[in-house]
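Colleague: First the structure, which I've put down as structure tokens, then a few questions once you've had a look.
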Amino acid sequence: QVQLVESGGGLVQPGGSLRLSCAASVSIFSFNAMGWYRQAPGKQRELVAAITSGGSTNYADSVKGRFTISRDIAKKTVDLQMNSLKPEDTAVYYCNGRRLRLPDSWGQGTQVTVSS
């Protein structure tokens, strides 16, 4: 079974930064795409950022210019650098991996809280 393990969540002040990391038990190239989602209380889970096996990236409009998704093939990790954080970014963040004709893989989720 594919395992995704997340780390890096925590409490930060508005304007601060965090870096989330997702460690995979298999090669990043096993996935057609990987991404980060988030879910705030009372809201639907939304895609924050994604990166394809070819290296293309896309971002939610709300985080463009502030967040950056990247990967390290050797370490089998996908990171999300989060800068200029806002209270509206407060949510549980989930790592996702997509494989063709297989169910999505999900991490356990990590809490990010942006507050003074």
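Colleague: Go through T57, T113 for me and flag whichever is surrounded by fewer than 21 Cβ atoms within 10 Å (Cβ to Cβ), touching a Ser or Thr at 6+ places or on another chain (Cβ under 9 Å) and over 23 Å from V2 (Cβ atoms). Walk me through it before giving the result.
Modeller: Values: T57 fails: over 23 Å from V2 (Cβ atoms).
Answer to the selection: T113.
Colleague: In addition: When the residues of the range 60-103 are filtered to those that are acidic (D, E) and surrounded by 14 or more Cβ atoms within 10 Å (Cβ to Cβ), which remaining residue is nearest to R45 (Cα to Cα)? If you could, list the steps in order and put the result at the bottom.
Modeller: Pass one, the range 60-103, residues acidic (D, E): 61, 72, 79, 88-89.
If we keep only those that are surrounded by 14 or more Cβ atoms within 10 Å (Cβ to Cβ) too, we end up with 79, 89.
Working: D79: 19, D89: 13 Å.
Applying the filter and picking the extreme gives D89.
Colleague: I've got another one for you. Are any residues in the range 36-54 closer than 13 Å to L20 by Cβ and surrounded by fewer than 10 Cβ atoms within 10 Å (Cβ to Cβ), and if so, which ones? Break it down stepwise before answering.
Modeller: Restricting attention to the range 36-54, the residues satisfying the condition of being closer than 13 Å to L20 by Cβ are 36-38, 48-49.
Selection gives nothing.
Colleague: So which residues in the range 24-56 are hydrophobic (A, V, I, L, M, F, W, C) and within 11 Å of the chain's Cα centre (by Cα)? Reasoning before the result, please.
Modeller: Going residue by residue through the range 24-56, those that are hydrophobic (A, V, I, L, M, F, W, C) are 24, 26, 28-29, 31, 33-34, 36, 40, 47-51.
Once the filter is applied, which keeps residues that are hydrophobic (A, V, I, L, M, F, W, C) and within 11 Å of the chain's Cα centre (by Cα), the range 24-56 yields M34, W36, L47, V48, A49, A50, I51.
Colleague: If you don't mind, there's one more thing I want to ask. Go through the range 1-35 and report how many residues are among the polar types (S, T, N, Q), open to solvent by 70 Å² or more (accessible area, probe 1.4 Å) and within 25 Å of S116 (Cβ to Cβ).
Modeller: Going through the range 1-35 one residue at a time, the tally reaches 1.
The values are calculated or read from the model by the stated rules, or taken from the named source; none is laboratory data. Values in this document were obtained by computation on a predicted structure and should not be read as measured data. Backbone-built Cβ (ideal geometry, glycine too); neighbour counts: all protein chains shown. Protein only, heavy atoms only, side chains kept; ligands, DNA and RNA dropped before computing areas. Shrake-Rupley method; radii C 1.70, N 1.55, O 1.52, S 1.80 Å.
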